[in-house]
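Following: one structure in structure tokens, then a few remarks.
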Amino acid sequence: MAKKTISRKKYIPNSKEKYMCAKHKKFFTDELINWKKEIIRSNNLGNLLNSADDNVSSADIVDQASSYTDKTVEMKALNRSRKLISKINSALQRLKDGTYGFCEETGEPIGLKRLMARPVATLSIEAQERHERDEKIFIDD
């Protein structure tokens with residue numbers, strides 16, 4: 001007897017609903033929690049796979065340099081992951097306090113499309129572009 005598969009359509013927030021209604025908040029909460037779990041799981045797997053390398057010391061200077069470079073890249077990736085987890089935690093806190101989905105600078109809605117693309121976004125597209133322009137001007141001077 002063949003198993004009957006239930007095909008559930010995954011809920012996607014849409015602009016016809018009230019912005020940041022309970023469905024939107026639940027969707028983004030679930031997305032952020034799953035993203036955080038995935039980052040933690042992949043980093044733990046990476047640490048486990050690379051922990052064997054820590055005990056190996058090679059007499060070959062090229063191998064040592066290569067290992068050092070690999071460790072540096074790995075540490076940068078872990079650091080980025082830590083920062084991203086911090087941003088995810090901040091987004092989850094904003095969901096709890098009701099400020100998620102609204103621009104930190106203008107207070108205007110960030111927009112569902114932007115949040116689905118970058119769930120940790122804190123600025124609207126306009127504010128982000130302004131911020132990047134100001135940053136570029138500052139760097140160019």
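Values for this structure:
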| quantity | calculated |
| --- | --- |
| Long-range HN-HN contacts of Phe102 with modeled amide H, under 5 Å | Ile110 |
| Gained length - Glu104 relative to Thr69, 0.36 nm times residue gap less alpha-carbon distance | 8.8 nm |
| Label point at Lys76 placed 7 Å out along Cα→Cβ; residues across segment 28-45 whose backbone nitrogen lies under 20 Å | 43-44 |
| Alpha-carbon Rg/Rh ratio, for segment 101-141, with Rh computed the Kirkwood way | 1.07 |
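Since every read-out is calculated from the coordinates, none of them should be taken as a lab result. Note that the coordinates shown come from a computational prediction; the quantities given were computed from them, not determined experimentally. Positions of Cβ are generated from backbone atoms using ideal geometry, with glycine treated the same way; all protein chains shown enter the neighbour counts.
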